[in-house]
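S.K.: Take this structure first; my questions come after.
The values are calculated or read from the model by the stated rules, or taken from the named source; none is laboratory data. Values in this document were obtained by computation on a predicted structure and should not be read as measured data. Virtual Cβ from ideal backbone geometry, glycine too; neighbours counted across all protein chains shown. Each accessible area value is taken on the protein alone, full model and side chains, heavy atoms only, with ligands, DNA and RNA left out. Shrake-Rupley method; radii C 1.70, N 1.55, O 1.52, S 1.80 Å.
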Amino acid sequence: MAVPALPSRSIRGNVPVSDVGFGAAQLGNLNRATTDDESTSAVHAARAAGITYFDTAPHYGLGLSERRLGRALADTARDEIVISTKVGRLLVDSPDTADRQDDEGFVVPASVRREWDFSADGVKRSIEDSLTRLGTDRIDIVYLHDPDDHEEQATREALPALLDLRAQGVIRAVGAGMNQSAMPARFIEAHDLDVVMLAGRLTLLDQTGLKDLMPLAARRGVAVVAAGVYNSGLLSSTEISPDAHFDYAPASCEMLARARRLAAICRSHGVDLPSAAVQYSLRHPAVVSAVIGMRTAAHVESSIDRRTTDIPDELWVELDAEGLAPDLTKGN
């Protein structure tokens, strides 16, 4: 299938990814139910739009996201796409809770439960299970998933196991996916990581990652995938709703005011806030892709529109001068 080419950037010169990635959490019925047909249509629309990078995890819908993504990509030539998934939460059969709904935000039956496991054996089992659910013979990128409370085991067992699998050619790149920047920075110091998925810490509202992770990643040649570019929704609309969320919780008055100020400056340059939010992190030289959650074909279309919106340099200059968002092209 001939598809248009989105700009592509490379992880360590080895794994090329479209600079907009398909975040598949919503295929796991995040917050509300999504049909199989909607999920398949979204993935096919992404391919038609030139997206080559797809990210999922066992956590998303207790395996539903991986299964749906695998089915939707079944007819796609494997060498044309890059798939990432995550380790750290094993899915274990739980017949006693099968009559209940999952209690971690996904509208799915709790017929399996998540079990934290960053052991070497747990990592290998998780990858084997993901390969089965995805219906593929390989996974390109594997991230540690939220090891915040498991740093010691993740450093001692999980990362060495992943690096060994990379050396064997089982996976192509090793990374960590987190909502903080300090621990991934320590992982980079301790091990030869290829990539970090940084959620919500390199955005128009939060540039925490500039303090530690981003300079280190740039020095070490570690790629960064930016996730959570809308900070849980606060940056996803042109108008800021008073009940908008920031980092998975209702936004504070201070954050609402800051977002409205950002939106006003964007408007003064003829740009909508969500487009600026998508493109901001991509300005950093270490960032290779912005992964955006997509549930439907319409979400794919809007994401591509936001990525391709023309944004004048004057906007970034003003946001920097106002102390709202540093210009990431200036060596931050």
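S.K.: In a solvent-free Debye calculation with one equal scatterer on each Cα, what is log10 I(q)/I(0) for region 135-238 at q = 0.13, 0.14, 0.21 Å⁻¹, listed in the order of the q values?
M.R.: -0.47, -0.54, -1.06
S.K.: Another one. So between residue 261 and residue 220, what do we pick up on full extension, going 0.36 nm a residue minus the alpha carbon distance?
M.R.: Difference between extended and current length: 11.2 nm.
S.K.: Right, something else. On a straight-distance basis, which lysines could pair with residue 86 in a cross-link, Cα separation under 20 angstrom, same-chain partners fewer than 8 positions away excluded?
M.R.: Candidates past the 8-residue exclusion: 124.
S.K.: So for the pair residue 116, residue 138, with labels modelled 7 Å out along Cα→Cβ, what separation do we get in nm?
M.R.: 3.3 nm
S.K.: What number, in percent, do you get for the relative contact order of region 8-322 if the mean sequence gap of Cα pairs under 8 Å and at least 6 apart is divided by its residue count?
M.R.: This gives 19 percent for region 8-322.
S.K.: Return the whole-Å distance between the Cα centroid of region 284-307 and the Cα centroid of region 144-223.
M.R.: Each part's Cα centre sits 21 Å from the other's.
S.K.: Compute the accessible area per residue over the chain, keeping the other protein chains in place, probe 1.4 Å, unit Å².
M.R.: Values: 13560 Å² over 332 residues.
Each residue of the chain exposes 41 Å² on average to a 1.4 Å probe.
S.K.: What full-extension length gain, to one decimal in nm, is calculated for residue 192 and residue 254 as 0.36 nm per residue of separation minus the Cα-Cα distance?
M.R.: Using 0.36 nm per residue and subtracting the Cα-Cα distance, I get 18.4 nm.
S.K.: Rg to Rh for the chain: what is it, with Cα atoms only and Rh by Kirkwood?
M.R.: Checking Rg against Rh, the ratio lands at 0.95.
S.K.: Which FRET efficiency value, to the nearest 0.05, do you get for residue 32 and residue 305 by plugging their Cβ-Cβ distance into 1/(1 + (r/R0)^6) with R0 = 25 Å?
M.R.: Efficiency, from the Cβ-Cβ distance: 0.60.
S.K.: Now a separate question. Relative contact order for region 171-225: what is it in percent, counting Cα pairs under 8 Å that are at least 6 residues apart?
M.R.: Numbers: 76 pairs, mean separation 21.0, N = 55.
This gives 38 percent for region 171-225.
S.K.: May I ask you to derive the FRET efficiency for residue 8 and residue 245 from their Cβ-Cβ distance with R0 = 35 Å, giving the value to the nearest 0.05?
M.R.: It comes to 0.65.
S.K.: Treating only the Cβ of Lys, Arg, Asp and Glu as charged (+1, +1, -1, -1), what charge dipole size does region 8-322 show about its Cα centre? Round to the nearest 20 debye.
M.R.: 480 debye
S.K.: What spacing in nm lies between the two simple spin-label points modelled at residue 100 and residue 324, each 7 Å away from Cα in the Cβ direction?
M.R.: A separation of 4.4 nm, rounded to one decimal place.
S.K.: Please determine, in degrees from 0 to 90 and to the nearest 10, the orientation of helix 297-308 with respect to the longest principal axis defined by the Cα atoms of the chain, where the helix direction is its Cα long axis.
M.R.: Value to nearest ten degrees: 50.
S.K.: Using the alpha carbon gyration tensor of region 211-284, what are the three equivalent-ellipsoid semi-axes (square root of 5 times each eigenvalue), largest first, in whole Å?
M.R.: Calculated on Cα positions only, the semi-axes equal 25, 15, 10 Å.
S.K.: Given a cut-off of under 8 Å on Cα pairs at least six residues apart, what relative contact order in percent is computed for region 135-174?
M.R.: In percent, rounded to a whole number, it is 57.
S.K.: For the chain, which whole-number percentage of the solvent-accessible area (1.4 Å probe, protein heavy atoms only) is attributable to carbon and sulfur atoms? Intermediate results must be reported in sequence, preceding the final value.
M.R.: Numbers: 6600 of 13560 Å².
Carbon and sulfur: 49 percent of the exposed surface of the chain.
S.K.: Reachable lysines from residue 330, Cα under 30 Å, same-chain residues fewer than 8 places away excluded?
M.R.: 211
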